[in-house]
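The structure under discussion appears below in the form of structure tokens.
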Amino acid sequence: MPLLAVVYFSISGTTEKLAHAVAHGADGLTEVALCRIAGDDIVSGRFQNGRLLETIDRADAVAFGSPTYMGGPSAQFKAFADASSDRWSEQRWADKIAGGFTTGACPSGDQLHTLTYFSILAAQHGMLWCGLDVPGGEDPGGRNRLGSQLGLATHLIDDALPQSDLSTAEYLGQRLAKMAGRNG
Ligand SMILES: Cc1cc2nc3c(=O)[nH]c(=O)nc-3n(C[C@H](O)[C@H](O)[C@H](O)COP(=O)(O)O)c2cc1C
């Protein structure tokens, strides 16, 4: 069975809920490794969790997740990305499927920039980007509520994630898993 790695940072748990929903969506189609970036993975400003990087080495597909912080990915996610530069020089992650998800406090809180960053990170590694094939505002189930086709963008309403965002996360996980199977 292919492996989907869900690599994410979360402090207050919203991105983590999305990560779990992505994993749930892939259930039965791939094995899933949930890889949470922890604060103490970063020592003197450098990401030092070699095991997490090795999990991605083995994965067929990777979902990148971070809250949007100051209009981009969190510093903790960026520390992880910077630590992947050895892999970049060998293009060790080339041809893996990649997708991304983010959340913010505002409906248009520059989440697109975080997703754009994820897609550029994937391009740097020679990975194949997988967005959402759900037209915003057209889906009977309300998925892709914010109309973001590069990846999943969400925001909190009354301090909670709408169910439609969790359903979109599940769908993204399912899509990444199907692509991983097709690519294998
Ligand atoms: C330092 C900081 C910067 C933030 N910047 C943004 C932002 O640019 N846009 C936005 O919509 N929300 C922003 N937020 C809100 C977070 O994205 C939001 O609270 C998110 O749900 C946190 O994710 P988590 O629960 O996974 O930690 C910011 C929060 C913090 C703490």
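Taken together, the values in this text are just the output of simple stated rules run on the coordinates, not laboratory data. Not measured: the values here are computed from a predicted model. Note that we place each Cβ from the backbone using ideal geometry, even for glycine, and neighbour counts take in every protein chain shown.
Please list, in order, the residues from the stretch 83-110 whose amide nitrogen is less than 20 Å from a point placed 7 Å along the Cα→Cβ vector of residue 157. So the set is 102-110. Taking each residue as 0.36 nm, the span from residue 92 to residue 182 lengthens on full extension beyond its C-alpha to C-alpha distance by 30.5 nm. Dipole orientation for the stretch 3-183: of the candidates 76, 169, 59, 59 has the Cα lying most toward the positive pole (charges on Cβ; Lys, Arg +1; Asp, Glu -1). Remark: spin-label model distance residue 113-residue 38 equals 3.1 nm, labels positioned 7 Å along the Cα→Cβ axis. Where in the stretch 16-56 is the amide nitrogen less than 18 Å from a point lying 7 Å along the Cα-to-Cβ axis of residue 164? Only 18 fall inside the zone, counting backbone N under 18 Å.
Of interest is the spacing of the C-alpha centroids, which for the stretch 1-19 and the stretch 157-174 amounts to 13 Å.
Placing +1 on each Lys and Arg Cβ and -1 on each Asp and Glu Cβ, with no other charges, gives the stretch 1-93 a dipole about its Cα centre of roughly 180 debye. Within the stretch 23-122, none of the trypsin sites (Lys or Arg not before Pro) combine a DSSP coil assignment with at most 12 other C-beta atoms in a 10 angstrom radius.
For the chain, the relative contact order comes to 28 percent (Cα pairs under 8 Å, sequence separation of at least 6).
Close amide H pairs (under 5 Å, H built 1.01 Å from N) link residue 98 with 62, 128, 129, 130, residues at least 5 positions away or on another chain. Size descriptors for the chain: radius of gyration and Dmax over Cα atoms are 15.0, 48 Å. For the stretch 3-183, a simple Cβ point-charge model (Lys and Arg +1, Asp and Glu -1, everything else neutral) yields a dipole of about 240 debye relative to the Cα centre.
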